[in-house]
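Colleague: Below is the structure I would like to discuss, written out as structure tokens.
The values are calculated or read from the model by the stated rules, or taken from the named source; none is laboratory data. These numbers come from a predicted model, not from an experiment. No Cβ is skipped: glycine too gets one built from the backbone with ideal geometry, and neighbour counts run over all protein chains shown.
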């Protein structure tokens, strides 16, 4: 197994991000990893037999993947995160915008700024930061590369599993884009 593959396995497959996970991985008693290693980086350096600079290089190589992993990974989307190159290719194909209404991530963030830090009106939703979400095109299928797209919180929430992707694009996505544009245009006038 290559060094990259081993790092990926430890960090993203086995998800070793805390000392208790090291204990499980090594079959040690609870707390033993914390006694042996002064940091998680020390564990990775020891386990991969590399120095600090090489670990920094590995982390840098996986930075974009790690950012997406931190933002989107969950047990339902596990298949999407099994290969960093495939995920990054899929993500780049999404063009950082909603697959339905085409609002971009920077535009969503601008709307959050306009609304004083929240996308929602009531400040209660997890979607309040206006991050593009991963949506299944066909709700009966899993999160696979050919069945997943990025979409805005409004399209994802409103479309849900009630309307097909094609019908949503035809009938509702133009209205969503018009709504977003109205918010952005109004802000530019002020």
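Colleague: Output the number of residues of segment 78-114 satisfying the condition of being assigned to a helix (DSSP H, G or I), farther than 27 Å from residue 17 by Cβ and touching a residue at least 40 places away in the same chain (Cβ under 8 Å).
Modeller: Final tally of qualifying residues: 5.
Colleague: When the residues of segment 121-140 are narrowed to those that are assigned to a loop (DSSP other than H, G, I, E, B) and in contact with a strand residue (DSSP E or B) (Cβ under 9 Å, 6 or more places away or on another chain), which ends up modelled with the lowest pLDDT?
Modeller: Among those that are assigned to a loop (DSSP other than H, G, I, E, B) and in contact with a strand residue (DSSP E or B) (Cβ under 9 Å, 6 or more places away or on another chain), it is 137.
Colleague: Something else about it: Go through (1) over 18 Å from residue 138 (Cβ atoms); (2) surrounded by 21 or more Cβ atoms within 10 Å (Cβ to Cβ); (3) modelled with pLDDT under 90 one by one and return the number of the condition residue 189 breaks.
Modeller: Just one mismatch for residue 189, condition (2).
Colleague: Keeping to segment 27-77, report how many residues are in contact with a helix residue (DSSP H, G or I) (Cβ under 6 Å, 6 or more places away or on another chain) and either in a loop (DSSP other than H, G, I, E, B) or exposed (fewer than 11 other Cβ atoms within 10 Å of the Cβ) (or both).
Modeller: 3
Colleague: If you don't mind, another one. Answer yes or no: is there a residue in segment 10-23 that is without any contact (Cβ under 8 Å) to a residue 60 or more places away in the chain, touching a helix residue (DSSP H, G or I) at 6+ places or on another chain (Cβ under 9 Å) and more than 30 Å from residue 129 (Cβ to Cβ).
Modeller: Yes, that holds for at least one residue.
Residues are listed down the side, and each one gets a yes or a no for (1) closer than 19 Å to residue 156 by Cα; (2) surrounded by fewer than 14 Cβ atoms within 10 Å (Cβ to Cβ); (3) at pLDDT 95 or above:
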| residue | (1), (2), (3) |
| --- | --- |
| 85 | no, yes, yes |
| 91 | yes, no, yes |
| 95 | yes, yes, yes |
| 98 | yes, no, yes |
| 101 | yes, no, yes |
| 111 | yes, no, no |
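Colleague: Within segment 162-170, does at least one residue satisfy the condition of being surrounded by fewer than 17 Cβ atoms within 10 Å (Cβ to Cβ), within 21 Å of the chain's Cα centre (by Cα) and either free of Cβ contacts under 8 Å to residues at least 12 places away in the same chain or farther than 11 Å from residue 101 by Cα (or both)?
Modeller: No, segment 162-170 has no match at all.
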